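First the structure, in the form of structure tokens, and then the observations on it.
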Amino acid sequence: MERHLLAKLLVNLARSRDGVLSQDQLVKGFESVLITLEDVVDDAPKAAEFLGHIFAKIIVENVVTLSEIGRLIYDGGEEPGRLLETGLAADVLGSTLGVINTEKGETVLNEIRASSCLRLEDFRSPHSNKSSILEKFI
């Protein structure tokens, strides 16, 4: 419930007439979250999944594109690309795609994916061949 409300709040702040939260500010905030994700997952194992829910809402509401979210995830971590190494990038992206598919359907998901030009294979961890969450979409 809270993650749904948080996602809705972020969308509303980004879309407000007063421009309370710019897209650049939102992206910077997501970068900060992704830098700490690896540590957060130790205490909250579903953090990657929850973040995927928020990203899905942001994407579906056309606040930030899947392409931009993909770039953030790909480069994310304490060191750039660290989320790829740990497999968290695949989990976040897989969760994001799963939520979009569940809430909007396969047609909308395919349109969003096609417009992003993301190669999902690039989000696999080099140390693991599969992420059960992302593999459904590859």
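The values are calculated or read from the model by the stated rules, or taken from the named source; none is laboratory data. For clarity, every value in this text was computed on a predicted model and none was experimentally measured. Glycine gets a Cβ as well: all are built from the backbone with ideal geometry, and neighbour counts include every protein chain shown.
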With respect to residue 78, determine if the residue is of a type in the set (Asp, Glu), touching a residue at least 40 places away in the same chain (Cβ under 8 Å) and part of a helix (DSSP H, G or I).
no
Failed item in (1) β-branched (Val, Ile, Thr); (2) more than 12 Å from the chain's Cα centre (by Cα); (3) assigned to a loop (DSSP other than H, G, I, E, B), with residue 36 passing the rest
(3)
Filtered residue count, segment 102-123, keeping only those that are of a type in the set (D, E, K, R), over 16 Å from residue 68 (Cα atoms) and either buried (at least 21 other Cβ atoms within 10 Å of the Cβ) or without any contact (Cβ under 8 Å) to a residue 40 or more places away in the chain (or both)
2
So residue 45 passes all but one of these: (1) surrounded by fewer than 22 Cβ atoms within 10 Å (Cβ to Cβ); (2) touching a Ser or Thr at 6+ places or on another chain (Cβ under 8 Å). Which condition number does it fail?
(2)
Need pairs with beta-carbon distance below 6 Å; first residue farther than 14 Å from residue 31 by Cα and within segment 51-70, second outside any helix (DSSP H, G or I); sequence gap 6+ or separate chains.
58/64
What tally of residues in segment 83-117 results from selecting those that are in contact with a helix residue (DSSP H, G or I) (Cβ under 7 Å, 6 or more places away or on another chain), at pLDDT 95 or above and either in a loop (DSSP other than H, G, I, E, B) or over 23 Å from residue 7 (Cα atoms) (or both)?
0
Would you confirm whether or not segment 82-101 contains a residue that is surrounded by fewer than 18 Cβ atoms within 10 Å (Cβ to Cβ), out of contact with any Phe, Trp or Tyr (no Cβ under 9 Å at 6 or more places or on another chain), without any contact (Cβ under 8 Å) to a residue 40 or more places away in the chain and not hydrophobic (A, V, I, L, M, F, W, C)?
no
When you scan segment 122-130, do you find a residue that is basic (Lys, Arg) and either modelled with pLDDT of 95 or more or under 19 Å from residue 8 (Cβ atoms) (or both), even just one?
no
Mind counting the residues in segment 17-31 that are under 12 Å from residue 65 (Cα atoms) and of a type outside the set (A, V, I, L, M)?
1
